Amino acid sequence: QVQLVESGGGLVQAGGSLRLSCAASGSISSMNVMGWDRQVPGKQRERVARIFSGGITDYADSVRGRFTISRDNAKNTVYLQMNSLKPEDTAVYYCTVLSRAWYWGQGTQVTVSS
């Protein structure tokens, strides 16, 4: 089992920034992929960003150019730097990792006020 603990969510005004962190622990094998998803109540969970073991990144069109994903392999931690936040970024953000199987954290709320 892999445990994921997110932090860094909160309330911010439009145009502001937040940085999310996610620390992984437990039976960690090589974490080939780490990333972030988000979900608004009543809507499907959306893939936000992924970072692969070689450092390659991938972003949803809606966040590309505003969000940056990074990872610290020594700390088993993945980050999401979110800049120029918009009200439509409001959601619960979930950390996810692939370590033999996919795992998700409990989520952290991000609220962007207009």
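Residues considered: G16, G65, G35, G26. Of these, the only one that is closer than 23 Å to S113 by Cβ and touching a residue at least 12 places away in the same chain (Cβ under 8 Å) is G16. Among the residues of the stretch 79-91, is any over 21 Å from G15 (Cβ atoms) and touching a strand residue (DSSP E or B) at 6+ places or on another chain (Cβ under 9 Å)? No; the residues of the stretch 79-91 include none that is over 21 Å from G15 (Cβ atoms) and touching a strand residue (DSSP E or B) at 6+ places or on another chain (Cβ under 9 Å). Which ones in the stretch 17-47 are open to solvent by 70 Å² or more (accessible area, probe 1.4 Å) and within 10 Å of L80 (Cβ to Cβ)? Scanning the stretch 17-47 gives a single hit, R19. Going through the stretch 48-58 one residue at a time, which ones are open to solvent by 40 Å² or more (accessible area, probe 1.4 Å) and not polar (S, T, N, Q)? Listed by number, the residues that qualify are F52, G54, G55, I56, D58. The one condition from (1) modelled with pLDDT under 95; (2) more than 15 Å from the chain's Cα centre (by Cα) that T77 does not meet is (2).
Residues considered: T96, T111. Of these, the only one that is open to solvent by less than 30 Å² (accessible area, probe 1.4 Å) and either without any contact (Cβ under 8 Å) to a residue 24 or more places away in the chain or in a strand (DSSP E or B) (or both) is T96. Residues that are in a loop (DSSP other than H, G, I, E, B) and modelled with pLDDT under 95 were ranked within the stretch 15-41; the one that is farthest from V78 (Cα to Cα) is P41.
Out of everything in the stretch 66-93 that is assigned to a loop (DSSP other than H, G, I, E, B) and closer than 24 Å to K43 by Cβ, what residue ends up being least open to solvent (accessible area, probe 1.4 Å)? Ranking the candidates gives L85 first.
The values are calculated or read from the model by the stated rules, or taken from the named source; none is laboratory data. The structure displayed is predicted, hence computed values, not measured ones. We place every Cβ from the backbone using ideal geometry, glycine too, and count neighbours over all the protein chains shown. Protein only, heavy atoms only, side chains kept; ligands, DNA and RNA dropped before computing areas. Shrake-Rupley method; radii C 1.70, N 1.55, O 1.52, S 1.80 Å.
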